[in-house]
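Heads up: the structure comes next, in structure tokens.
The values are calculated or read from the model by the stated rules, or taken from the named source; none is laboratory data. Values in this document were obtained by computation on a predicted structure and should not be read as measured data. All Cβ positions, even for glycine, are placed from backbone atoms using ideal geometry, and neighbour counts span all protein chains on display. The protein model used for the area step is the full one, side chains on, heavy atoms only, and it has no ligands, DNA or RNA in it. Shrake-Rupley method; radii C 1.70, N 1.55, O 1.52, S 1.80 Å.
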Amino acid sequence: MLLDAKLHFEHDSQIVLAVMTDISGLVATQKELDHQATHDLLTGLLNRFGFQNRVEKRLVDCSSSDAYALIVIDLDHFKSINDIFGHQMGDSIIKILSKRIIENLPDDAVIARLGGDEFAVLIKGQIGGSTQGFDVSCCCRRIRACLSQSILIENRTMNLSGSLGVSYYPKDASSVNELLRNADIAMYRAKQMGRGTEYVFEHALQHEITEKARYEEILRRALEEDLVIVYYQPIIDLSSQAIVGAEALVRIKDPDTGNIVFPDSFISIAEETGLIIQLGEKVLQQSVEDIQKLRREFNNDFYVSVNFSNRQFQQDNLVTTVVSILEENNLPPASLLVELTESLLIQNNSQSHDVLTSLHDLGCKLAIDDFGTGYSALSYLNQFPIDILKIDRSFIANCESNLTDQSLVAAILNMSKGLELKVVAEGVENDFQKAFLLSKECHLGQGYLFSRPVPFDDFVRYIKNY
Ligand code: C2E
Ligand code: CA
Ligand code: CA
């Protein structure tokens, strides 16, 4: 093969000197390098770069009647396989599963390992073509089925699953990167929906992502700029009408508009990003300070009920933080009520068990929030030192018209008596509900009938005028 040719002139006579080099070796090396740059070493599939190139070509070459579906596949909880069984085992599983995926794809599909435990597949069809059109949902089902077949490896049987996100060309995106990004967004939604499922991209999702990013920014700034505010809602003794305590409910102030942002817009983001640790600490700090002021001014028995997210119990120093905040403010631990969710107890994780036991030993009270909405297994009530159940407001809201909810509330109250648990009814909005609760011997309640959650100063006025 000709690499180089030089013309050489000498005096009058013309001598042509041609230098010929065999570069087939070089070409092979170049090919090898190209292959490495575009393929994944472990599975031999295309890598992200190779996939992008290949898909781009397909999109450029396609006719106006062609359509494509891009599927992103992510294995569920794969990190724990690597953590528990090591990377070698993880690699073997990736290899097995990549073969299984290929077996379930049409011949002309493009497949890649994007990295880690993430794969991407491009399959072709025709817009509106019913006969030649692909059935994406059938393809997704097959992929999910092949991923969830058990894997026998080193004498172990493993059961995995995968979450899939789908986006369509040209409907959802006009470039490979956009297509990949949208399929990724859809895949995350599939994960949120409980994994082992698939989700098809829709533009509303994009809007949701933008909104989420906006609230994350508001939350970060609110934490930096001290714009976290705690509202209080009184907890009332239904028989004596006395205010016995308050639930602390967080809000943040939008740094740009000054508007109050409600927790439904940012708690899940705080949990996902880990900002809940910082936020939870601020809320605890503020509410312990505030309740101590109220105790000094009005009633030395007031307690404060603070919401804790599951994520906060994974933190190593939660107990130390709680202890130091209580000590700084001289608040007896019994005046702090920790509200947690049934899902935390169901996970039955030894760390949260230890933290809850320590908090309880310290003297704090533990309450299960939104009781009745989560799970029906009640065995955990024996395994954890719970003091209080807060009946979810959906039961109270319906108890006027719905006899089943009436009996459920009555049953919860009956059971609590046997287990010596106190009960707080949430969302008490009218006199009927209050009278019903009293007739069933529910002694504590909170809800709009008494007061909405209000800022601290308003709460002070509320108590003064009560
Ligand atoms: P939650 O703990 O169940 O709090 C009660 C929610 O019900 C509050 O909503 C409250 O405003 C509302 N509510 C109270 N009484 C009534 C009533 O009579 N009728 C109706 N319809 N609603 C009533 P909010 O303040 O928007 O809080 C929503 C959720 O955000 C809370 O539900 C809680 O899960 C979470 N949250 C609030 N503050 C914090 C916090 O500091 N940390 C954590 N981790 N979560 C928090
Ligand atoms: Ca609560
Ligand atoms: Ca609740």
Review point. Taking the alpha-carbon set of the chain, what are its Rg and Dmax in Å?
Key: 31.1, 123
Practice item. Work out how much length Glu178 to Ala204 would gain on full extension: take 0.36 nm times their residue separation and subtract the Cα-Cα distance, in nm to one decimal. Key: 7.8 nm
Study note, to complete from the structure: Cα pairs beyond 20 Å in segment 370-466, in percent, come to 40
**Study point:** Relative contact order (percent, whole number), segment 215-465, Cα cutoff 8 Å, 6+ residue spacing
**Key:** 19
Review point. Relative contact order, percent, of segment 137-268 when contacts are C-alpha pairs under 8 Å separated by at least 6 residues?
Key: 15
Study note, to complete from the structure: Note to self, the chain gives a 222 nm [θ] from helices alone (DSSP H runs n ≥ 4, -39500 (n - 2.57) apiece, / all residues, nearest 500) of -14500 deg cm²/dmol
Review point. Binning every alpha carbon pair distance of segment 215-465 at 10 Å from zero, what are the percents per bin?
Key: 7, 31, 37, 22, 3, 0
Revision key, fill the gap. Summed over the other residues with a beta carbon less than 15 angstrom from that of Leu41, with K and R at +1 and D and E at -1, the charge totals -1
Check your understanding: Mean separation of Cα pairs under 8 Å and 6+ residues apart, divided by the residue count of segment 35-175: what relative contact order is that in percent?
Key -> 32
Review point. Sorted by accessible area with a 1.4 angstrom probe, largest first, how do Leu449, Leu97 fall?
Key: Leu449, Leu97
Review point. Per-residue accessible area for Tyr303 at 1.4 Å probe radius, Å² rounded to 10?
Key: 40
Check your understanding: For Met158 and Leu223, FRET efficiency with R0 = 35 Å and r from the beta-carbon atoms, rounded to 0.05?
Key -> 0.30
Study note, to complete from the structure: segment 193-209 scanned against label point 7 Å out from Ser137 along Cα→C-beta; backbone N under 19 Å for 193-205
**Study point:** Set of lysines with alpha-carbon distance to Lys31 below 20 Å, sequence-local pairs under 8 removed
**Key:** Lys57
Check your understanding: Roughly how many whole Å is it from the C-alpha centroid of segment 304-375 to that of segment 253-286?
Key -> 19
Check your understanding: Where does the charge balance sit around His360 when Lys and Arg score +1, Asp and Glu -1, over other residues with C-beta under 15 Å from its C-beta?
Key -> -3
Review point. Does anyone have the angle between helix 87-103 and the longest principal axis of the chain? Alpha-carbon axes, 0 to 90°, nearest 10?
Key: 70
Study note, to complete from the structure: Subtracting the Cα-Cα distance of Leu419 and His87 from 0.36 nm times their residue separation yields 114.8 nm
Practice item. Report the accessible area of Tyr169, computed with a 1.4 Å probe over the heavy atoms of all protein chains in place, in Å² rounded to the nearest 10. Key: 40
**Study point:** Cross-link pairs beyond the 22 Å C-alpha cut-off, checked among Lys365/Lys417; Lys293/Lys365; Lys253/Lys390; Lys212/Lys253
**Key:** Lys253/Lys390
Review point. From Cα coordinates alone, what are the radius of gyration and Dmax values for segment 41-202 in angstrom?
Key: 15.5, 51
Practice item. Above 19 angstrom, tally the Cα pairs of segment 216-322 and express them as a % of all pairs, no decimals. Key: 49
Study note, to complete from the structure: Taking a ≥ b ≥ c as the square roots of the eigenvalues of the Cα gyration tensor, with a/c under 1.5 meaning rounded and otherwise prolate when a/b exceeds b/c and oblate if not, segment 110-235 is oblate
Review point. Using 7 Å Cα-to-Cβ label points, what is the Leu449/Gln406 separation (nm, one decimal)?
Key: 1.5
Review point. Roughly speaking, to the nearest percent, how much of the chain's 1.4 Å accessible area is carbon and sulfur?
Key: 49
Review point. What's the local net charge at Asp172, with K and R +1, D and E -1, over the other residues with C-beta under 13 Å away?
Key: -1
Exercise for review: Compute, for Leu42, the solvent-accessible surface of its heavy atoms (probe 1.4 Å) with the complete set of protein chains present, and express it in square angstrom to the nearest 10.
Suggested key: 40
Exercise for review: On a 0 to 90° scale, report how tilted helix 203-224 is relative to the longest principal axis of the chain, with both axes built from alpha carbons and the result rounded to the nearest 10.
Suggested key: 60
Review point. Against the longest principal axis of the chain, how steep is helix 136-148, in degrees 0 to 90 to the nearest 10, with axes from Cα atoms?
Key: 80
Check your understanding: Averaged per residue, what accessible area in Å² does the chain show with a 1.4 Å probe, protein chains only?
Key -> 51
